[in-house]
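Asks: Have a look at the structure that comes next, please.
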Amino acid sequence: FHFDPALRVMTTVDAAGDGALVITTKGAPEDVLDRCASVAEAGGAGELTGEDRADVLAHADALAERGLRVLAVAERPLRSSAVPDSREEAERELRLTGLVALVDPPRADVAGAVARCHEAGIPIIVVTGDNGRTARAIAREVGIVRGDPRIVSGPELDRMPDAELDATMREGRELIFARSSPEAKLRIADALRAEGHVVAMTRDGVNHAPALRRADIGLAMGLSGTEVAREAATMVLTDDAFSTIVAAVEEGRRVFDNVRKFVLYIFAHAMPEVIPFLVFALSGGAVPLPLTVMQ
């Protein structure tokens, strides 16, 4: 059962060494815990108490504060050879095995690119499916946020009416949207556009195509992105680098500035040349030409 961005878990049915079937689930710790009834212990399995759940979540939060991406893993041996037909049947009464913490370091050029964005007056909003604490730690590391940002979780955003979301965007405070679904990304893009912003969004998955299309500028990953995301996007990054976006903005602003200078030059030199000819023609030659044709 593939990863579901709304459920935030995925499940496989595997054959163990003795031929028995085992259900294995991994995903966001809080969502995996909701599907667990026991916890792995040295002697086998024990009941998963409320205290155990709080302890596991506390460990997960502590790892996330260090900028690590945390997954919970759980399993359940099948007593028969019949594979469950639905994920609801498979993802229940699981035994929590443990937590896995992964480090996904940002590229070396990201911090510099983020600083150039801030200097150019471009605010960056983090929209991620990861834990809010993980997102905050990484955002601080690369300079996206500098103070204490507001973290809006997926469930909180789902309960938030559009008017409140628009007001949140209007505050101008540093924002991180965590545990976000593809539908949430669409709402965020709409809210930003409603506030008069020009929205650029970067994503790579199939389910992000609507948000890429809705944004003013959709930026898809050329290396890791799906074909659907690339088709929905306005621009495709062939190197998947955030710094390329900043370079594109610089080039675009340079072109716009040059066009504006050229238009200003046209009006500045054309009008003083054309007006004397009009005066000469309208006066029937009474007013002599200050400039000859050759001039």
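Asks: Yes or no: the stretch 63-77 includes at least one residue that is without any contact (Cβ under 8 Å) to a residue 12 or more places away in the chain and out of contact with any Cys (no Cβ under 9 Å at 6 or more places or on another chain). Working first, answer last.
Replies: First pass over the stretch 63-77, keeping only residues without any contact (Cβ under 8 Å) to a residue 12 or more places away in the chain: none.
No, because not a single residue in the stretch 63-77 is without any contact (Cβ under 8 Å) to a residue 12 or more places away in the chain and out of contact with any Cys (no Cβ under 9 Å at 6 or more places or on another chain).
Asks: I've got another one for you. Would you confirm whether or not the stretch 242-250 contains a residue that is closer than 26 Å to ALA28 by Cβ, out of contact with any strand residue (DSSP E or B) (no Cβ under 6 Å at 6 or more places or on another chain) and modelled with pLDDT under 90?
Replies: Just the residues of the stretch 242-250 that are closer than 26 Å to ALA28 by Cβ, to begin with: 242.
From the residues that got through so far, the ones that are out of contact with any strand residue (DSSP E or B) (no Cβ under 6 Å at 6 or more places or on another chain) too are 242.
Of the ones still in play, those that are also modelled with pLDDT under 90 are 242.
Yes, some residue in the stretch 242-250 is closer than 26 Å to ALA28 by Cβ, out of contact with any strand residue (DSSP E or B) (no Cβ under 6 Å at 6 or more places or on another chain) and modelled with pLDDT under 90.
Asks: Additional query: Filter the stretch 133-155 down to the residues that are assigned to a helix (DSSP H, G or I) and either touching a residue at least 24 places away in the same chain (Cβ under 8 Å) or touching a strand residue (DSSP E or B) at 6+ places or on another chain (Cβ under 9 Å) (or both) and list them by number. So that I can check it myself, show each step before the final result.
Replies: If we filter the stretch 133-155 for residues that are assigned to a helix (DSSP H, G or I), which is where we start, we get 133-142, 154-155.
The answer is ARG133, THR134, ALA135, ARG136, ALA137, ILE138, ALA139, GLU141, VAL142, GLY154, PRO155.
Asks: Additional query: For residues in the stretch 1-20 being at pLDDT below 90 and assigned to a strand (DSSP E or B), which is least open to solvent (accessible area, probe 1.4 Å)?
Replies: The residue in question is ASP4.
Asks: Restricting the search to the stretch 108-155, which residues are closer than 20 Å to PRO182 by Cα and of a type in the set (Val, Ile, Thr)?
Replies: ILE124, ILE125, VAL126, VAL127, THR128, THR134, ILE151, VAL152
Asks: While we're on this one: Can LEU192 be described as within 16 Å of the chain's Cα centre (by Cα), assigned to a helix (DSSP H, G or I) and among the aliphatic types (A, V, I, L, M)? Write out each step before concluding.
Replies: Details: within 16 Å of the chain's Cα centre (by Cα): yes; assigned to a helix (DSSP H, G or I): yes; among the aliphatic types (A, V, I, L, M): yes.
Yes, satisfied.
Asks: I'd like to verify a number: residues in the stretch 187-212 that are farther than 16 Å from ILE124 by Cβ and surrounded by fewer than 19 Cβ atoms within 10 Å (Cβ to Cβ), how many?
Replies: Selection size over the stretch 187-212: 8.
Asks: List the number of the failed condition for GLY222; all other conditions in (1) of a type outside the set (A, V, I, L, M); (2) open to solvent by less than 20 Å² (accessible area, probe 1.4 Å); (3) over 11 Å from the mean Cα position of the chain (by Cα) hold.
Replies: Looking at each condition in turn, GLY222 falls short on (2).
Asks: While we're looking at this one, here's another question. Could you check, for the stretch 31-50, whether at least one of its residues is farther than 16 Å from ALA72 by Cα, part of a helix (DSSP H, G or I) and open to solvent by 50 Å² or more (accessible area, probe 1.4 Å)?
Replies: yes
Asks: Is it the case that some residue within the stretch 109-129 is of a type in the set (D, E, K, R), under 22 Å from the mean Cα position of the chain (by Cα), closer than 29 Å to GLU174 by Cβ and in a helix (DSSP H, G or I)? Explain how you work it out, then say what you get.
Replies: In the first step, residues of the stretch 109-129 are kept if they are of a type in the set (D, E, K, R); the result is 109, 116, 119.
From what is left, the residues that are under 22 Å from the mean Cα position of the chain (by Cα) are 109, 116, 119.
Pick out the ones that are also closer than 29 Å to GLU174 by Cβ and you get 109, 116, 119.
Add one more test, that the residue is in a helix (DSSP H, G or I), and what stays is 116, 119.
Within the stretch 109-129, one or more residues are of a type in the set (D, E, K, R), under 22 Å from the mean Cα position of the chain (by Cα), closer than 29 Å to GLU174 by Cβ and in a helix (DSSP H, G or I).
The values are calculated or read from the model by the stated rules, or taken from the named source; none is laboratory data. It should be emphasised that the depicted structure is a prediction, and the values quoted were computed from it without experimental measurement. Ideal geometry is used to build each Cβ from the backbone, glycine not excepted, and the neighbour counts take in all protein chains shown. Just so you know, the surface numbers come from the protein's heavy atoms only, side chains and all, with ligands and any DNA or RNA stripped out. Shrake-Rupley method; radii C 1.70, N 1.55, O 1.52, S 1.80 Å.
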